[in-house]
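**Q** One structure, as structure tokens, below. Some questions next.
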Amino acid sequence: MKKVILDLAVTLDGFIEGPNGEIDWCIMDDDMDFDGFLSTIDTIFYGRVSYDAWGNFQPDEGASEAELKLWQAVHAKKKYVFSRQPVEDGRATFLHSDIANSVAAIKKEGGKDIWLYGGAGLIKTFIQLGLVDLYRISVHPTALGSGKPLFEDLKDRVNLHLVQANTFKSGVVQLIYQPRK
């Protein structure tokens, strides 16, 4: 069965974006092997705002070959957008209700794993519903002091088991956890 993987960058002080939505602190080292991660998934879950911003993003003409390849790989995945608004664009499947049952059905389809891309509201909902199977949290060596926290408004404690830790040349530390059941 597919797994839902939250692969996310977070600052040292626990924010997934700055107070104005900034993500300019995110580092993409070549030794992070993001292409390797993308090869393990065939589906991406978006919230509507994140999908509007990134679901069909096209890099500038002057983008590097590596960036073009990355976005081509992202756009080759099946996309689901969780939204209260009944919107359709022909490039993604929009889901409007019953998140837990929708996710369970998608996980049973077989194939590769699922990347829970976000945004913050969707991530919070998935965490609260216990729908994240693997947390891949890349801690960046930056402290913002304020912004959107990763773990916000938890109703219940989230207990995790460290599966793996990776350190990259930039100082980013990736922590991979499984939820303790």
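**Q** Here are some conditions: (1) surrounded by fewer than 16 Cβ atoms within 10 Å (Cβ to Cβ); (2) without any contact (Cβ under 8 Å) to a residue 24 or more places away in the chain. Ser102 meets all but one. Which one does it not meet?
**A** For Ser102, the exception is condition (1).
**Q** Determine whether the range 152-167 contains at least one residue that is of a type outside the set (A, V, I, L, M, F, W, C), buried (at least 17 other Cβ atoms within 10 Å of the Cβ), under 27 Å from Val81 (Cα atoms) and modelled with pLDDT under 95. Talk me through it step by step, then tell me what you get.
**A** Taking the range 152-167 as the starting set, the residues that turn out to be of a type outside the set (A, V, I, L, M, F, W, C) are 152-153, 155-157, 159, 161, 164, 166-167.
Still in the list and also buried (at least 17 other Cβ atoms within 10 Å of the Cβ): none.
The answer is no; no qualifying residue exists.
**Q** Right, Gly62: out of contact with any Lys or Arg (no Cβ under 8 Å at 6 or more places or on another chain), farther than 26 Å from Gly111 by Cβ and of a type in the set (Gly, Ala, Ser) or not?
**A** Numbers: out of contact with any Lys or Arg (no Cβ under 8 Å at 6 or more places or on another chain): yes; farther than 26 Å from Gly111 by Cβ: yes; of a type in the set (Gly, Ala, Ser): yes.
It is true that Gly62 is out of contact with any Lys or Arg (no Cβ under 8 Å at 6 or more places or on another chain), farther than 26 Å from Gly111 by Cβ and of a type in the set (Gly, Ala, Ser).
**Q** Separate question: Within the bounds of the range 65-79, is there any residue that is under 13 Å from the mean Cα position of the chain (by Cα), crowded, with 16+ Cβ neighbours inside 10 Å and under 21 Å from Leu134 (Cβ atoms)?
**A** Yes; the residues of the range 65-79 include at least one that is under 13 Å from the mean Cα position of the chain (by Cα), crowded, with 16+ Cβ neighbours inside 10 Å and under 21 Å from Leu134 (Cβ atoms).
**Q** Tally time: how many residues in the range 169-181 are under 12 Å from Met32 (Cα atoms) and surrounded by fewer than 16 Cβ atoms within 10 Å (Cβ to Cβ)?
**A** Going through the range 169-181 one residue at a time, the tally reaches 4.
**Q** If you scan the range 1-33, which residues turn out to be in a helix (DSSP H, G or I) and surrounded by fewer than 17 Cβ atoms within 10 Å (Cβ to Cβ)?
**A** Residues of the range 1-33 in a helix (DSSP H, G or I): 30-32.
Residues satisfying the conditions are Asp30, Asp31.
**Q** How many of the residues making up the range 119-148 are in a strand (DSSP E or B) and modelled with pLDDT under 95?
**A** Within the range 119-148, the first condition is being in a strand (DSSP E or B), and the residues that meet it are 134-140, 148.
Checking the rest, the ones that are also modelled with pLDDT under 95 come to 148.
Qualifying residue count, the range 119-148: 1.
**Q** Lys169: charged (D, E, K, R), farther than 21 Å from Leu122 by Cβ and touching a helix residue (DSSP H, G or I) at 6+ places or on another chain (Cβ under 6 Å), yes or no?
**A** Values: charged (D, E, K, R): yes; farther than 21 Å from Leu122 by Cβ: yes; touching a helix residue (DSSP H, G or I) at 6+ places or on another chain (Cβ under 6 Å): yes.
In short, yes.
**Q** Does Ala120 satisfy being crowded, with 17+ Cβ neighbours inside 10 Å and not basic (Lys, Arg)? First the steps, then the outcome.
**A** Values: crowded, with 17+ Cβ neighbours inside 10 Å: yes; not basic (Lys, Arg): yes.
So Ala120 fits the description; yes.
**Q** Taking interchain pairs and intrachain pairs at least six residues apart, which have beta carbon atoms under 8 angstrom, with the first residue in the range 12-23 and under 16 Å from Asp153 (Cα atoms) and the second hydroxyl-bearing (Ser, Thr, Tyr) and in a loop (DSSP other than H, G, I, E, B)?
**A** Listed by first residue and then by second, the contacts come to Phe15/Ser146.
**Q** Across the range 72-90, what is the total count of residues that are within 14 Å of Thr43 (Cα to Cα) and either among the hydrophobic types (A, V, I, L, M, F, W, C) or modelled with pLDDT under 85 (or both)?
**A** 5
The values are calculated or read from the model by the stated rules, or taken from the named source; none is laboratory data. Note that the coordinates shown come from a computational prediction; the quantities given were computed from them, not determined experimentally. Here the Cβ is made from the backbone with ideal geometry for all residues, glycine too, and neighbour counts use every protein chain on show.
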